[in-house]
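Below is one structure, written out as structure tokens; comments come after it.
Bear in mind that the values in this text are calculations on the coordinates, not laboratory data. No experiment lies behind these values; they were computed from the predicted model shown. As a convention, Cβ positions derive from the backbone with ideal geometry for all residues, glycine included, and neighbour counts pool all protein chains shown.
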Amino acid sequence: MKHTISVLVENKAGVLARISGLFARRGFNIDSLAVGTTEDKNISRITLLVDGDDYIAEQVTKQLNKQIDVIKVRKLDQEEITRRELVLVKVKMSADQRGEIIDIVKIMQGEIVDISHTTLTVEMSDKPEKIDLLIDLLSPYNIVEVARTGTIALQKGAAIV
Amino acid sequence: MITGAEAIVRCLENEGVEYIFGYPGATVCPLYDKLTKSSIKHILVRHEQHAGHEASGYARIKKRPGVCMTTSGPGATNLITALATAYMDSVPLVAFTGQVSSELLGRDVFQEADITGAAEPFTKYSYLVKNAADLPRIIKEAFHIASTGRPGPVLIDIPVNVQTDKLDFYQPEAVDLRGYKPTIKGHAGQIKRVLRAINNAQRPVICVGGGIFAAEGQKELQQFCESINIPVVSTMMGIGAIPTAHPLYMGMLGMHGKSIANRAIIDSDLLIIIGARVSDRAVLLPANVSKNTKIVHIDIDPAEIGKNLDTFIPVVGDAKEILRQVMEEEPEKKSVEWTDALKAAREMLTLDYEPRKAGINPKAFVHLLSRTLPDDHIYCADVGQNQIWSAGNCEVRTGRFLTSGGMGTMGYSIPAAIGAKLAAPDRAVVAVCGDGSFQMQMMELATICQNNVDVKIVVMKNNKLGLVKEIQRKSYKNNESAVDLTGSPDIVAIAAAYGIPGRRIDSMDAAEEAIAQMLGNKGVYLLECVVDENEPSM
Ligand SMILES: Cc1ncc(C[n+]2csc(CCOP(=O)(O)OP(=O)(O)O)c2C)c(N)n1
Ligand SMILES: [Mg+2]
């Protein structure tokens with residue numbers, strides 16, 4: 001099972017190292033980790049996607065809470081959050097494939113952000129499942145590079161972490 | 001304006017630090033230079049690992065963070081074992097390490113080691129100080145973090161230029177860490193659930209760990225178990241939480257524990273764990289806990305609850321506070337049958353205190369030693385067979401039993417005893433170690449002599465790494481590999497070389513008189529006890 005965990009941390013040197021060290025040490029499997037600043041420049045938000053049962057999710061939450069630099073930890077309910085991930089996909093193609101690829105990108109509501117004689121770079125921001133689908137649809141062509149940001153999430157409505 | 005080094009010394013004085021255990025080097029020279037002008041006493045160890053252990057022994061008795069200090073690079077890496085040992089046993093330390101000049105950081109210059117990185121898994125928190133002006137706040141925070149919540153070591157790594165940089169000394173009044181607010185009081189609803197669980201239980205048992213000492217809750221624990229008549233077992237770290245001769249105490253549990261203590265756990269229907277980690281070795285749990293046993297787990301560290309054992313009622317907070325809260329609810333006194341049966345079984349246990357054909361009986365010896373020592377003595381046990389002999393047979397009354405429980409670090413007992421003695425100069429302090437572990441710490445005899453530390457040292461000499469030999473006998477068809485200590489020096493002669501009086505005994509006939517002679521000696525003394533190499537741990 002996938003759990004989405006939102007963590008507010010002090011924006012200080014060494015915090016990320018501590019947290020990633022903790023995951024490695026305790027054998028937690030992290031699918032994705034996205035980190036960035038927040039509305040407060042002293043606070044960063046880490047969004048984690050953790051694969052595991054409820055025991056693992058609880059252990060991750062507790063071990064994170066134990067960190068001095070961690071201000072808040074919240075396990076987010078999948079149903080109650082808006083999730084987004086950004087991807088860039090570079091596809092190598094022949095001239096006659098270009099039209100098909102552009103069609104796929106249009107349907108998926110992605111965007112072509114770079115083009116050359118032999119390549120196209122597609123950008124898309126959506127739920128991670130949609131990103132997976134885009135990659136799947138492009139896979140018959142020659143995908144040469146993919147960069148994903150990892151999922152970020154916020155609660156729906158007025159709720160905040 | 002003052003220098004960073006002066007600021008550090010002033011902060012340490014403000015914290016009431018009496019002793020620093022340390023070893024100098026180039027990158028802490030500015031600090032050592034200012035130290036001579038301070039009232040703080042510096043204890044020069046003979047190896048940095050022991051600086052950490054001495055600070056640990058001091059902290060556990062003084063109930064204040066112990067302070068140690070080393071230079072960068074090898075000085076700092078030599079400290080790591082002591083940090084890890086303190087971390088596993090939740091001992092509050094504030095460790096200072098020198099570091100290369102900040103503009104050189106990350107370039108692998110002479111004696112540069114990423115010590116905050118290397119020690120990360122073994123520290124509660126660490127700082128790499130970039131600006132001298134931050135020192136007063138950081139040091140205040142470090143003492144706060146080390147000593148509150150679940151205590152532990154905090155590392156402050158200070159580049160040499162930060163020690164010479166100037167600052168306007170300003171120290172904030174209070175510590176404000178928004179991510180660190182330990183819970184002290186138990187949740188009222190959980191306390192009620194604990195009360196109901198106790199009232200409904202037929203066969204309750206308390207399992208106490210080292211957390212009770214951190215909370216200074218020994219008195220409350222004794223009141224609690226006596227008032228409702230609940231038997232108590234302990235982990236190795238919990239030995240002495242109530243006097244070992246107390247009628248309700250069933251002994252240490254686990255792999256090397258008392259059968260009656262393990263029996264009590266297996267047969268119980270309610271297990272109240274207080275300040276214990278429920279680790280594999282010490283507790284032999286969770287395998288032995290029946291599915292019908294309800295578990296109450298009281299711990300200041302929420303991350304310990306539910307980690308190794310499914311918990312029925314978790315209670316996060318300070319053990320002493322929570323025991324008080326539960327007692328205020330006036331739980332029912334438990335039936336005498338269960339407790340009496342355990343007490344009777346305990347009486348039936350035969351103690352193996354018979355003399356041996358060759359050498360002393362180490363169990364009988366440590367028993368006699370602890371009984372001869374004053375009630376409030378501090379007993380420091382090392383690691384190996386000697387630790388098991390000590391843990392199972394040493395009598396703790398109002399004193400303390402100090403050992404490296406979580407890490408099992410050989411070479412802990414003598415430095416811990418030095419620290420403990422400096423923390424409590426009026427109490428008798430004894431270190432009991434093996435001949436292997438003695439050789440991991442014997443350089444500290446010089447520290448003892450230089451500072452006139454009155455500790456008594458007992459070395460159990462079996463000429464083997466006894467505990468490993470025993471494992472090889474049981475699990476590796478007696479194929480002894482690398483456990484023979486031939487080549488070791490004459491230990492009494494080693495002591496004599498330091499000017500330390502001592503003697504060797506090889507029979508229980510001499511034990512009583514030898515113990516009297518040792519305890520009667522003013523100042524440090526070493527007693528070597530010859531033990532047969534086939535003497536079992538249990
Ligand atoms: C630093 C360290 N190294 C190795 C070990 C593994 N070990 C545990 S007990 C033991 C033997 C200890 O020998 P000794 O001090 O002579 O005590 P004895 O078992 O003979 O009483 C060893 C090597 C350890 N616990 N700590
Ligand atoms: Mg030995």
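Things to note:
- Under a model in which nothing but the beta-carbon of Lys, Arg (+1) and Asp, Glu (-1) is charged, the stretch A:2-76 shows a dipole of about 200 debye around its Cα centre.
- Rounded to whole Å, sorted largest first: equivalent-ellipsoid semi-axes of the stretch B:188-348, Cα gyration tensor: 20, 18, 16
- Using a simple spin-label model with pseudo-atoms 7 Å out from Cα toward Cβ, A:Asp77 and B:Asn308 lie 3.5 nm apart.
- Dipole of chain B computed with +1 at Lys/Arg Cβ and -1 at Asp/Glu Cβ about the Cα centre; of B:Ser290, B:Ile448, B:Leu104, farthest Cα towards the positive end is B:Ser290.
- Spherically averaged projected area in nm², based on the convex hull that wraps the Cα atoms of the protein assembly as shown: 37.2
- If both residues of a DSSP beta bridge must be in chain B, then about 5% of such bridges are antiparallel.
- Neighbouring partner chain Cβ atoms per residue of B:121-127, average, 10 Å criterion: 3
- Convex hull per residue volume in Å³, alpha carbons only, for the stretch B:150-222: 174
- A Cα-only calculation for the stretch A:93-159 places Rg and Dmax at 13.9, 49 Å.
- Ordering of B:387-394, B:372-379 by packing is B:387-394, B:372-379, highest average first (other Cβ atoms within 10 Å, averaged per residue).
- For chain B, the mean residue ellipticity at 222 nm estimated from helices alone is -10500 deg cm²/dmol, where every DSSP H run of n ≥ 4 contributes -39500 (n - 2.57) and the total is divided by all residues, rounded to the nearest 500.
- Straight-line reach from B:Lys333: taking Cα to Cα under 19 Å and skipping same-chain neighbours fewer than 8 places apart, the lysines in range are B:Lys192, B:Lys219, B:Lys294, B:Lys343.
- Residue-count net charge about B:Ile265 - beta-carbon cut-off 12 Å; Lys, Arg +1, Asp, Glu -1: +1
- Cα-centre dipole for chain B with unit charges at Cβ (Lys and Arg positive, Asp and Glu negative), debye to 20: 760
- Alpha carbon Rg of the stretch B:111-150, scaled by the compact-globule rule 2.2 N^0.38 Å: 1.28
- Over 21 Å (Cα to Cα) - which of B:Lys421/B:Lys456; A:Lys66/B:Lys181; A:Lys92/A:Lys127; B:Lys37/B:Lys166; B:Lys34/B:Lys124; B:Lys307/B:Lys474 fall in this group: A:Lys92/A:Lys127; B:Lys34/B:Lys124; B:Lys307/B:Lys474
- Stokes-Einstein translational diffusion, chain B - Kirkwood Rh over all Cα pairs, 1.306 mPa s, 10 °C, in µm²/s: 66
- Scattering from the stretch A:2-76 was approximated by placing one identical point on each alpha carbon and applying the Debye formula without solvent; log10 I(q)/I(0) at 0.13, 0.24, 0.26 1/Å stands at -0.32, -1.14, -1.34.
- FRET efficiency, 1/(1 + (r/R0)^6) with R0 25 Å, evaluated for B:Glu103 and B:Cys29 via beta carbons: 0.90
- Shielding by partners, peptide A:5-12 (average Cβ within 10 angstrom, other chains): 1
- Computed over neighbours whose Cβ is under 13 Å from that of A:Met1, the net charge equals -4, Lys and Arg +1, Asp and Glu -1.
- For the protein assembly as shown, size of Cβ-based charge dipole, Lys and Arg +1, Asp and Glu -1, in debye: 820
- The alpha carbons of the stretch B:362-530 stretch over 48, 35, 34 Å along the principal axes, in descending order.
- Straight-distance crosslink candidates among aspartates and glutamates, where the alpha carbon sits under 19 Å from B:Lys477 and sequence neighbours closer than 8 are dropped: B:Glu533, B:Glu535
- Contour minus Cα-Cα distance for A:Leu133 and A:Ser116 (0.36 nm per residue): 3.7 nm
- For the stretch B:2-167: rounded, prolate or oblate by the Cα gyration tensor [a/c cutoff 1.5]: rounded
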